[in-house]
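Take a look at the structure below.
Read-outs throughout are calculated quantities, based only on the coordinates presented, and are distinct from any laboratory measurement. Note that the coordinates shown come from a computational prediction; the quantities given were computed from them, not determined experimentally. Ideal geometry is used to build each Cβ from the backbone, glycine not excepted, and the neighbour counts take in all protein chains shown.
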Amino acid sequence: MQIKISGKQIDVGEALRTHVEDNMVAAVGKYFDRPVDAHVVFSRNGHGFKCDSSVHLSTGLTAQAHGENGEIYAAFDQATDRIEKQLRRYKRRLKDHHQSRQTPVEMMDAQAYVLRSHDEETDTGTLNGMQPVIIAEMTTPIKSLTVGEAVMQMELADARFLMFRNDANGRINIVFQRDDGNVGWIDPANLPQG
């Protein structure tokens, strides 16, 4: 298991690194025996600490969690407990989906842009003649998943929505968390005729 540990304006000492490595390997190892990647980022949060953790599973799915506490070790332990709970909750579903999938999850790159925020508008209230101002460009992967895998990925990442390429038809689809607690699914090309 490869673990990347970093700190935002915090020096991550050797004792904390050892604690993170040992506990992350133990937590993930309970549920997955294949190598995975993890990224743990520590930062200050007021007078306390915040820990953002993500685990990238061999199935192509990602589990994310964060913890906040006055003690840096407790913040990490809180995030790890949440990731472990997600992995425990989804182990059977992940295992069933992975066994039925004969090929690894494919990914395609898409161009992603960061637009200037509403707060940075000009005095006239428009952005460059109604065109948004691009302040950053990057690529982001779009995974090729079944609808069930996409819902699972969205829940593991604790995200409000997920864009994916539907394995069944090759089209770009979106699943999202509705305000009523259900999951919505958008398939733009699957419109009724009439």
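Here are a few things to note about the model shown:
- Cα centroid separation, segment 164-183 to segment 1-27 (Å): 34 Å
- Principal axes of segment 2-100: Cα extent on each, largest first, Å: 47, 21, 18
- Cα-only Debye scattering, segment 107-186: base-10 log of I(q)/I(0) at q = 0.19, 0.21, 0.22, 0.25 Å⁻¹: -0.87, -0.93, -0.96, -1.06
- Eligible lysines near K143 by straight Cα distance, threshold 19 Å, same-chain separation 8 or greater: K95
- Among D167, D81, a tally of other beta-carbon atoms within 10 Å of each Cβ gives an order, fewest to most, of D81, D167.
- Difference of contour (0.36 nm per residue) and Cα-Cα distance, D33 to F161: 43.2 nm
- Only lysines eight or more places from K50 in sequence, or on another chain, were considered; those with a Cα closer than 21 Å are K4, K8, K85.
- GluC sites (Glu not before Pro) within segment 16-79, DSSP loop, no more than 13 other Cβ atoms inside 10 Å: E71
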